[in-house]
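Take a look at the structure set out below.
The values are calculated or read from the model by the stated rules, or taken from the named source; none is laboratory data. No experiment lies behind these values; they were computed from the predicted model shown. Every residue, glycine as well, gets a Cβ built from its backbone with ideal geometry; the counts of neighbours run over all protein chains shown.
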Amino acid sequence: MMQIIQFKDLNEILNSNEIELFKKLQKILSEINKHTNLTRLVDGDDYWISQIYDSIWPFYLGTNKIFDNKKFVDIGSGCGFPGLAYAITHPNSEVYLVDSSKKKTDALRQIIDTLNFSNKIFVINDRIEKIAHNASYRNIFDIGTTRAVGSPSTVTEYILPMLNKSGSGLLYCGKWNKKDEIQMRNSLDKLKGSISEIKKTQLPKGKGERNIIFIKPEQNCPDCYPRSIGKPTKYPL
């Protein structure tokens with residue numbers, strides 16, 4: 001069942017401390033962008049809607065926060081969205097940011113060292129196809145996210161092996177249709193998971209349609225997944 005979420009003003013969602021941290025994050029990203037091409041979405045609505053709101057809206061029902069005090073992993077974290085946005089709005093959670101680009105993980109470490117986060121935050125520079133087979137990370141996370149990383153079928157193979165038995169994976173998508181859903185369900189059958197919920201919103205000021213696909217494990221994901229580096233992208237399940 002798809003749930004339609006209406007856009008709320010960020011001032012109705014965020015407290016003053018969270019807004020201040022997001023302003024500081026914006027300033028740091030702008031400084032880093034002067035010498036490292038990290039993200040183009042750092043100004044005005046590009047930042048506050050396309051980055052901040054788009055990162056946090058799935059975790060809110062009305063004005064109530066959910067998913068706090070969890071072990072969270074963001075796969076392909078890039079410049080920190082949704083991972084750092086989640087950390088700011090869920091300060092009691094332990095956060096892991098994973099990216100294969102050293103340039104990006106170096107920037108993430110710089111951001112974390114500068115901002116006053118309450119969370120324990122860990123940055124991992126490696127491929128998820130390797131990390132997901134490490135016993136220290138496999139099947140331990142309450143929440144896993146991916147945003148702008150790959151096709152739904154591909155990122156499903158990345159997320160599901162990381163989740164514990166009651167964990168939830170959030171896949172950030174633009175457009176979503178029945179064909180996408182059929183393909184994902186076929187992938188999830190192999191991975192021993194299922195779709196638990198779909199949420200949809202229209203971002204204001206023409207920033208586009210957003211869908212979040214919530215997935216969950218039904219059994220332990222088979223040990224062969226994720227497949228070796230490159231295969232989930234080239235040959236989606």
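Okay, here's what the table says:
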{"quantity": "Residues that are at negative phi and surrounded by 15 or more Cβ atoms within 10 Å (Cβ to Cβ), drawn from region 127-139", "calculated": "ARG127, ILE128, GLU129, ILE131, ALA132, HIS133, TYR137, ARG138"}
{"quantity": "Subset of region 22-40 (residues that are of a type in the set (Lys, Arg) and part of a helix (DSSP H, G or I))", "calculated": "LYS23, LYS24, LYS27"}
{"quantity": "Residues being out of contact with any helix residue (DSSP H, G or I) (no Cβ under 7 Å at 6 or more places or on another chain) and exposed (fewer than 15 other Cβ atoms within 10 Å of the Cβ) - total across region 201-212", "calculated": "4"}
{"quantity": "Region 150-182: number of residues that are surrounded by fewer than 23 Cβ atoms within 10 Å (Cβ to Cβ), hydroxyl-bearing (Ser, Thr, Tyr) and within 22 Å of LYS71 (Cα to Cα)", "calculated": "3"}
{"quantity": "Among (1) at pLDDT below 85; (2) touching a helix residue (DSSP H, G or I) at 6+ places or on another chain (Cβ under 7 Å) - the single one GLY62 does not satisfy", "calculated": "(2)"}
{"quantity": "Qualifying residues in region 78-109 (those that are hydrophobic (A, V, I, L, M, F, W, C) and touching a Gly at 6+ places or on another chain (Cβ under 9 Å)) - the one nearest to TYR60 (Cα to Cα)", "calculated": "ALA87"}
{"quantity": "Test: residue in region 87-96 that is aliphatic (A, V, I, L, M), under 13 Å from THR145 (Cα atoms) and touching a strand residue (DSSP E or B) at 6+ places or on another chain (Cβ under 6 Å)", "calculated": "yes"}
{"quantity": "Qualifying helices (runs of 4 or more DSSP H) (wholly inside region 41-122; at least 3 residues being touching a residue at least 12 places away in the same chain (Cβ under 8 Å) and either β-branched (Val, Ile, Thr) or closer than 16 Å to GLY167 by Cβ (or both))", "calculated": "83-89, 102-114"}
